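The values are calculated or read from the model by the stated rules, or taken from the named source; none is laboratory data. Small disclaimer: the values here were computed from a predicted structure and weren't measured. To get the accessible areas, we keep the full protein, side chains included, count just its heavy atoms, and leave off ligands, DNA and RNA. Shrake-Rupley method; radii C 1.70, N 1.55, O 1.52, S 1.80 Å.
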Amino acid sequence: MTQEDELLRRITVRPDVFGGKPIIRDMRIAVEHVLANLAAGETIDGLLDNYPFLEMDDIRACFLFAHRSLCGEHVHDRIAVRKAS
């Protein structure tokens, strides 16, 4: 398994969380939320301070997920889907 594959394993989908949008490590924080904060000017250090449960590799996984998605890869097929609890 490559390092990129390991990063993408941090991105999961749960139908009962945010309507099935990609989330980080099965937690209630969406990939789009992280990316939106960064796009709005938040720094990576600021994100890590504001969300102490996040790890640098979570943010790297969000970037990788966005990159692969924009390149037209079917990233959703490669991330873990968790069943609703």
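Remarks
- Per-residue HN-Hα couplings for segment 22-37 [Karplus 6.51, -1.76, 1.60; θ = phi - 60°; Hz; x = Gly/Pro]: x, 10, 9, 6, 6, 9, 8, 9, 7, 3, 5, 5, 4, 5, 5, 5
- Computed accessible area, HIS33, all protein chains, 1.4 angstrom probe, square angstrom: 70 Å²
- Accessible surface of PHE63, taken over heavy atoms with a 1.4 Å probe and every protein chain present, rounds to 100 Å².
- Heavy-atom accessible area ranking, 1.4 Å probe, most first, across ARG9, ARG14, ARG60: ARG9, ARG60, ARG14
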